[in-house]
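Trainee: Got a structure for you, written out below as structure tokens; questions coming shortly.
The values are calculated or read from the model by the stated rules, or taken from the named source; none is laboratory data. Since we're looking at a predicted model, the values are computed, not measured. Using ideal geometry, Cβ is built from the backbone for each residue, glycine included, and neighbour counts are taken over all protein chains shown. All accessible areas refer to the heavy atoms of the entire protein, side chains included, with ligands and DNA or RNA removed. Shrake-Rupley method; radii C 1.70, N 1.55, O 1.52, S 1.80 Å.
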Amino acid sequence: MARLILFLLVAPLFAEAQLLEVKQTIYGMDCAPCARGVEASLKRLDGVQAVTISLNNGTAEIRLAPDNRQRLGEIRQRISDNGFSAKEAQVKLSGVLREKEGKLIIEVESGEVYALQQFADAKNVLEQLRKSKAGKHITVAGVVAEAKSTPDAPWNIQVTQLFD
Amino acid sequence: MKRLLPILSLLFVSHLALSSGHGPVFGLATPTLGKGHASFDVAIMSNRQSGGSALMLKYLWGYGITENLQIALSTHSPIETVPLPTRTRGSLMMQANGDIEGLVLWRFHRDDYDIGNRFETTAIVSGSIPTEKKRGGVAVGNALHAALVTGYASRVTYLWIGGGYQHYFKKGNDQLGGLWYGSLVFGWRPPLFREDYPKPDWRLFIESLAEFPGRNTVNGIKDPNSGGSRLLVGPTVLGLYGDWGISGGVLVPIHQKLNGNQPSEKARLMLTLTYWI
């Protein structure tokens, strides 16, 4: 019974808390078999609905299922396993906005945490979010840097767009 | 029909194959398989000499332990042989005709410095066992081989330079001479084929291969009719589309200095068909 109550309390925090889209920049990928290997590896990931590879732009565009539990870290690991370097990524994700240790974060169902950063041209966006959206479900798009500061640190995402 | 048979069998086998063959045909190159990826290449190779022609099928199985560490096994099926086979070395499928070879490739340096661009260096070590007792009248033993290749890949051009050495161990009083070699490969993707994946991806290469076989030892005596040097140059082409790949080309000697009385090489041809699962 206690577990059920705990689940009912916690579940809303993760309701529809997922990565939705990832446009991952890839360095070093030069040829069709390279693209094919990356595409096949990404398609095998749970929750991946579609993958589009561009050799000329050096990107992998990944569309994920609404109920997926996929991690950006795993997507980047697959690219690394193919012998290429995953650089910054444009991502779209949704989840409940929370404040933790002074940072606005979104934790997705996979357990990955994204710390929202102020986009250079968007003054006061985070402050407005803190006031109006804390505790609410939001969908944002932004740019995630190539690496974390430490393995346990959240992914820093520079928010570029807020969806209603 | 006898000459068609290997080509037909090659076409058949290629249906079952997956491959790592996305580099040059004869020269050394740096790419290795992705982690957990397996590969199989099948090729038909002809070596034309002043004294006849050798023809064989070659097979290469590969597996990527990590994205930078690959193992491979190369075998062959001779179709036509010559009394004094040319001493050859080069790409993973270019070991001596008659050797079964196990290879380890370690891409120990990689710099993915931009979109579509890579600079990298790979070390290759291998060991081979002969499938025949004598080769050109010389009892043939096991061999060890090491090579190093560096270069860059991009969406427009490719350049690889590498070289290595193969040492044959003594067999009784006989020993095949060691073989130094080096290769230089320049690749170019024509503008028509720079369209994005999954459009057809074709590349043209100019490949050069220099080989310096040492003198053989027969009954403890250096054979005067062995060893020398050879420089070969030629065009090759690589095409990739969907699950299929095809590569092939020809090398012709522009320099040959062979000791004593040895058949001179006229041309070296190879065609590889690949299929990716």
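Trainee: Would you check if there is a residue in segment A:18-32 being modelled with pLDDT under 95 and either more than 28 Å from B:Trp202 (Cβ to Cβ) or surrounded by fewer than 20 Cβ atoms within 10 Å (Cβ to Cβ) (or both)?
Mentor: Within segment A:18-32, one or more residues are modelled with pLDDT under 95 and either more than 28 Å from B:Trp202 (Cβ to Cβ) or surrounded by fewer than 20 Cβ atoms within 10 Å (Cβ to Cβ) (or both).
Trainee: Also, quick follow-up: So in segment B:214-252, with the set limited to residues that are within 21 Å of the chain's Cα centre (by Cα) and not in a strand (DSSP E or B), which one is farthest from the other protein chains (Cβ to nearest Cβ)?
Mentor: Among them, the one singled out is B:Gly227.
Trainee: Can you tell me which residue in segment B:78-94 is farthest from the other protein chains (Cβ to nearest Cβ), limited to those that are at negative phi, open to solvent by less than 50 Å² (accessible area, probe 1.4 Å) and touching a residue at least 60 places away in the same chain (Cβ under 8 Å)?
Mentor: Among those residues, the one meeting the criterion is B:Val82.
Trainee: Looking at (1) over 21 Å from A:Glu16 (Cα atoms); (2) assigned by TED's automatic domain parsing to the domain that holds A:Leu20, find the lone condition where A:Leu64 falls short.
Mentor: Just one mismatch for A:Leu64, condition (1).
Trainee: Kindly provide the set of residues from segment B:253-270 that are open to solvent by 60 Å² or more (accessible area, probe 1.4 Å) and within 15 Å of the chain's Cα centre (by Cα), ordered by number.
Mentor: Once the filter is applied, which keeps residues that are open to solvent by 60 Å² or more (accessible area, probe 1.4 Å) and within 15 Å of the chain's Cα centre (by Cα), segment B:253-270 yields only B:Leu269.
Trainee: Right, something else. Does segment B:49-62 include one or more residues that are within 30 Å of B:Asp196 (Cα to Cα) and either within 14 Å of chain A (Cβ to nearest Cβ) or more than 14 Å from the chain's Cα centre (by Cα) (or both)?
Mentor: Yes, because at least one residue in segment B:49-62 is within 30 Å of B:Asp196 (Cα to Cα) and either within 14 Å of chain A (Cβ to nearest Cβ) or more than 14 Å from the chain's Cα centre (by Cα) (or both).
Trainee: Now, a different point. With the requirement that a residue be more than 8 Å from chain B (Cβ to nearest Cβ) and surrounded by fewer than 18 Cβ atoms within 10 Å (Cβ to Cβ), what does segment A:52-68 give you?
Mentor: Answer for segment A:52-68, where residues must be more than 8 Å from chain B (Cβ to nearest Cβ) and surrounded by fewer than 18 Cβ atoms within 10 Å (Cβ to Cβ): A:Thr52, A:Glu61, A:Arg63, A:Ala65, A:Pro66, A:Asp67.
Trainee: Under 7 Å between Cβ atoms, at least 6 apart or on separate chains: pull out the pairs that start in segment A:101-113 with a residue that is part of a loop (DSSP other than H, G, I, E, B) and end on any residue that is modelled with pLDDT of 90 or more and open to solvent by 40 Å² or more (accessible area, probe 1.4 Å).
Mentor: A:Glu109/A:Arg69; A:Ser110/A:Arg69; A:Ser110/A:Arg71; A:Glu112/A:Arg71
Trainee: Still on this structure, please answer the following. Quick one: which of A:Ile106, A:Ile79, A:Ile138 is among the β-branched types (Val, Ile, Thr) and closer than 30 Å to B:Tyr63 by Cβ?
Mentor: Working: A:Ile106 fails: closer than 30 Å to B:Tyr63 by Cβ; A:Ile138 fails: closer than 30 Å to B:Tyr63 by Cβ.
Testing whether each residue is among the β-branched types (Val, Ile, Thr) and closer than 30 Å to B:Tyr63 by Cβ leaves just A:Ile79.
Trainee: Between residues in segment A:74-96 that are assigned to a helix (DSSP H, G or I) and residues that are open to solvent by 30 Å² or more (accessible area, probe 1.4 Å) and basic (Lys, Arg), which pairs lie under 8 Å by C-beta distance while being six or more apart or on different chains?
Mentor: Between residues of segment A:74-96 that are assigned to a helix (DSSP H, G or I) and residues that are open to solvent by 30 Å² or more (accessible area, probe 1.4 Å) and basic (Lys, Arg), the close pairs are A:Asp81/B:Lys35.
Trainee: If I filter segment B:182-197 for residues that are within 18 Å of B:Ile124 (Cα to Cα) and not aliphatic (A, V, I, L, M), do I get at least one hit? Quick ask: steps written out before the conclusion?
Mentor: Start the filter on segment B:182-197 by keeping residues that are within 18 Å of B:Ile124 (Cα to Cα), which leaves B:182-185.
Filter once more, so that each one left must be not aliphatic (A, V, I, L, M): B:182-183.
Yes: segment B:182-197 contains one or more residues that are within 18 Å of B:Ile124 (Cα to Cα) and not aliphatic (A, V, I, L, M).
Trainee: Kindly provide the set of residues from segment B:114-125 that are of a type outside the set (Lys, Arg), within 14 Å of another protein chain (Cβ to nearest Cβ) and either surrounded by 18 or more Cβ atoms within 10 Å (Cβ to Cβ) or farther than 30 Å from A:Thr59 by Cβ (or both), ordered by number.
Mentor: Passing the criteria: B:Ile115, B:Gly116, B:Asn117, B:Phe119, B:Glu120, B:Thr122.
Trainee: Give the residue, chosen from B:Ala123, B:Ala146, B:Ala96, that is part of a strand (DSSP E or B) and closer than 18 Å to B:Glu211 by Cα.
Mentor: Among B:Ala123, B:Ala146, B:Ala96, only B:Ala146 is part of a strand (DSSP E or B) and closer than 18 Å to B:Glu211 by Cα.
Trainee: Got at least one residue in segment A:89-106 being touching a helix residue (DSSP H, G or I) at 6+ places or on another chain (Cβ under 6 Å) and within 30 Å of B:Thr66 (Cβ to Cβ)?
Mentor: no
Trainee: Go through segment A:16-51 and give me each residue that's assigned to a loop (DSSP other than H, G, I, E, B) and either over 26 Å from B:Arg110 (Cβ atoms) or more than 8 Å from chain B (Cβ to nearest Cβ) (or both).
Mentor: Within segment A:16-51, the subset assigned to a loop (DSSP other than H, G, I, E, B) is A:16-17, A:28-31, A:44-47.
Within segment A:16-51, A:Glu16, A:Ala17, A:Arg44, A:Leu45, A:Asp46, A:Gly47 qualify.
Trainee: Just a yes or no: is a residue in segment A:142-155 assigned to a loop (DSSP other than H, G, I, E, B), surrounded by 13 or more Cβ atoms within 10 Å (Cβ to Cβ) and hydroxyl-bearing (Ser, Thr, Tyr)?
Mentor: Taking every residue of segment A:142-155 in turn, none turns out to be assigned to a loop (DSSP other than H, G, I, E, B), surrounded by 13 or more Cβ atoms within 10 Å (Cβ to Cβ) and hydroxyl-bearing (Ser, Thr, Tyr).
Trainee: For segment A:131-141, which positions are in contact with a Leu (Cβ under 6 Å, 6 or more places away or on another chain) and either among the acidic types (Asp, Glu) or surrounded by 14 or more Cβ atoms within 10 Å (Cβ to Cβ) (or both)?
Mentor: A:Lys133, A:Ile138, A:Val140
Trainee: Further question: Go through segment B:99-113 and give me each residue that's buried (at least 19 other Cβ atoms within 10 Å of the Cβ) and either within 19 Å of B:Gly62 (Cα to Cα) or at pLDDT below 95 (or both).
Mentor: Residues satisfying the conditions are B:Asp99, B:Glu101, B:Leu103, B:Leu105, B:Arg107.
Trainee: Residues of segment B:126-143 being surrounded by fewer than 20 Cβ atoms within 10 Å (Cβ to Cβ) and part of a strand (DSSP E or B), which ones?
Mentor: B:Gly127, B:Ile129, B:Pro130, B:Lys134
Trainee: Here is a further query. Quick check on my filter: what residues within segment B:189-211 are of a type outside the set (D, E, K, R), surrounded by 15 or more Cβ atoms within 10 Å (Cβ to Cβ) and under 18 Å from B:Leu240 (Cβ atoms)?
Mentor: B:Phe193, B:Tyr197, B:Pro198, B:Trp202, B:Leu204, B:Phe205
Trainee: Pull up segment B:46-62, narrow it to residues that are open to solvent by 40 Å² or more (accessible area, probe 1.4 Å) and either aliphatic (A, V, I, L, M) or outside any strand (DSSP E or B) (or both), then point me to the one that is modelled with the highest pLDDT.
Mentor: The qualifying residue modelled with the highest pLDDT is B:Ser50.
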